[in-house]
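Below: one structure, written as structure tokens.
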Amino acid sequence: MFAILVCIENFIRIPWQNGFAERPIGSIRRECVDHFIVLGEAHLRRILRAYARYYNDVRTHRSLDKDAPVSRPVERIGSINAHAILGGLHHHYVRV
């Protein structure tokens, strides 16, 4: 039995040729970086760190049936408070 190997060239710095990289880069660009004037590398790192925390802990994902990666119980009683994320660009709503 013989195996045929096919090598497909994928350019590293061109994200639209890699579907796995295209989705997160587009999300970061559309939902975060396009709304800020970045004042330097340290500022960009702070923005991206805050967005990564929001994306991985709070934001709902369609692939998870509109649940966040860090699942939390549904609370039905209490008042709703909004916590601003990234200076109010996004919000996290919680019941207290």
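The values are calculated or read from the model by the stated rules, or taken from the named source; none is laboratory data. Because the structure is a prediction, the values reported are computed rather than measured. Cβ atoms come from the backbone with ideal geometry, glycine included; neighbour counts cover every protein chain shown.
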Are any residues in region 1-45 surrounded by 13 or more Cβ atoms within 10 Å (Cβ to Cβ) and either over 25 Å from residue 56 (Cα atoms) or at pLDDT below 70 (or both), and if so, which ones?
-> 15, 17, 18
Based on what the data block shows, is residue 63 among the hydroxyl-bearing types (Ser, Thr, Tyr), loosely packed, with under 10 Cβ neighbours inside 10 Å and at pLDDT 90 or above?
-> no
For region 72-96, pairs from a residue that is over 25 Å from residue 32 (Cα atoms) to a residue that is at pLDDT below 90 and assigned to a strand (DSSP E or B), with Cβ under 9 Å and 6 or more apart or across chains, are 75/94; 75/95; 76/95; 77/95; 78/94; 78/95; 79/95
